[in-house]
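Before any comments, here is the structure.
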Amino acid sequence: MADLEEFFSDLHIHSAYSKATSPEMRIENISRIAKMKGLDLMGTGDCLNQKWIEEIKSKLEVSGEEIRDPKYGVNYILTVEVEDINRVHHLIILPEISSAQSMAEEFGSSDEGRPKVKMGAPEIVEIVKEFEGEIGPSHAFTPWTSVYKEFNSLRDCYQEELRNVNFVELGLSASTEMADRISELSRFTFLSNSDAHSPKADKLGREFNSFLIEEPTFKEVSMAIKRKNKRKVGLNFGLDPRIGKYFLTACVRCHKRYSREEAESINWKCKCGGRIKKGVKDRIDELADLTKPRSPKHRPPYIGGVPLIEAISFLEGKSLSSRVVYTKWMEILEKFGSEIEILVKADLSELSSLGKLSKLIDDMRGGKLKVFPGGGGEYGKLL
Ligand SMILES: [Zn+2]
Ligand SMILES: [Zn+2]
């Protein structure tokens, strides 16, 4: 057996063919930013969309399971998010373009990058298994279109097909520590992906995983998800869950934060007239059968942080779109090679030239960031 290597990966993005997605979500932009971030393996997103598949075939080198952008050295595997008949989102990972094309036919054609499939979750899982793909719930706890929004347990959603589900995507407002208070989740591999709708430096790769695998292909990733032949996820890097925009229960219009009890007492209607959305923190409290997290042995470390450009913007006191912030980001990347090198790989001593930024990265790695928590669709922010 060849040695296992660590590949950094973001498996959930959307192409320009998905609703409310930036027209900039094209292969060359995705590859370019992925390379700067240090992401070795990207999910294609939207792989049931024929136009996106055409773009993949014309811009990438495809040979069976291997899909690669030779210009940037970034690899891809086929992924897509679908919405089922109960409005639950699922992330699907597939072996080959031919499997994506046949699956698109089974689901009924759609121009949408993220198609709505007129089937329940068990039926969708059966089809994914036919094509030897992997499937799991996307952003499992968000108060929209997620498995725990619609159901109180994974079994209620996937029924007898739950045995063919091997991963759960945590989503931006949740962490391993939070999810491991729900004991039904202990057998599942957690994935942390960006769900990026634009290739901006604060979106693409804002969450990622490391896979300990032989090569960046579907077969290897599938083994890692199932934790077979020593393959596994080595690290989950997520946005600090408090920065997620649905962390606390809050009004979607004026963003006033509420406790779950308060929200219930006023029937989830804010004084401003807006609706109150239950935060991921409160939803997990409701679902949890453990007061303290109990992580299984196989669970990898989790780091909750922010994208590098966001850390720079915070320390400079300037907006993300500011020239100064962007220039500084580029300078730092040039010096260290990639964002992931700085955020997770480099020893702190190597980062000392970064001054305040190295302290912030140390806090990130140690789970000590100071954060004003998000809610009701408003992102949290560093303090
Ligand atoms: Zn989704
Ligand atoms: Zn309000």
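None of the figures in this text is laboratory data; all of them are computed from the coordinates on show. Please read these numbers as outputs of a predicted model, since none were measured by experiment. Heads up, the Cβs are rebuilt from the backbone with ideal geometry, glycines too, and the neighbour counts pull from every protein chain shown.
Put a plus charge on the Cβ of each Lys and Arg, a minus charge on the Cβ of each Asp and Glu, and nothing anywhere else: the dipole of segment 307-373 about its Cα centre is then about 260 debye. For the chain, the Cβ-based charge dipole about the Cα centre amounts to some 1680 debye (Lys, Arg positive; Asp, Glu negative; other atoms uncharged).
Footprinting exposure proxy ranking of Ile85, Ile213, fewest other C-beta atoms within 10 angstrom first, gives Ile85, Ile213. Separation of segment 77-95 and segment 291-311, taken as the distance between their Cα centroids, equals 24 angstrom.
Across segment 230-383, Cα pairs under 8 Å and at least six residues apart give a relative contact order of 37 percent. Once divided by 2.2 N^0.38 Å, the Cα radius of gyration of the chain becomes 0.95.
The alpha-carbon of Lys269 sits under 21 angstrom from the alpha-carbons of these lysines, leaving out residues fewer than 8 places away in its chain: Lys149, Lys245, Lys256, Lys277, Lys278, Lys281. When the charge dipole of segment 1-120 is built from unit charges on Cβ atoms (+1 for Lys and Arg, -1 for Asp and Glu) and taken about the Cα centre, the candidate among Ser98, Pro70, Ala34 whose Cα reaches farthest toward its positive end is Ala34. Summary value for the chain: 17 percent relative contact order, contacts being C-alpha pairs under 8 angstrom separated by 6+ residues. Note on Lys59: lysines with a C-alpha under 18 Å away, same-chain residues under 8 apart excluded, are Lys35, Lys51, Lys71.
Partners of Lys335 within straight-line reach, counting aspartates and glutamates whose Cα lies under 13 Å from its Cα and excluding those fewer than 8 residues away in the same chain: Glu350. Which one, Phe211, Pro199, Pro293, is farthest towards the positive end of the dipole of the chain when Lys and Arg carry +1 and Asp and Glu -1 on their Cβ? Positive-most Cα among the choices belongs to Pro293. Per-residue ellipticity at 222 nm, computed for the chain from helices alone with -39500 (n - 2.57) per DSSP H run of at least four residues, works out to -8000 deg cm²/dmol. In segment 36-144, Cα pairs under 8 Å separated by at least six residues give a relative contact order of 28 percent.
Taking 32 Å as the limit for the C-alpha separation, the pairs Lys37/Lys370; Lys271/Lys370; Lys232/Lys356; Lys57/Lys368; Lys37/Lys318; Lys118/Lys226 exceed it in the case of Lys232/Lys356; Lys57/Lys368. 3J(HN,Hα) couplings calculated from phi for segment 182-193 with the Karplus curve 6.51 cos²θ - 1.76 cosθ + 1.60 (θ = phi - 60°) are, in sequence order, 10, 5, 5, 8, 5, 7, 8, 7, 8, 10, 10, 10 Hz; Gly and Pro show x. As a proxy for reagent exposure, ranking Trp52, Trp144 by other Cβ atoms within 10 Å from fewest up yields Trp144, Trp52.
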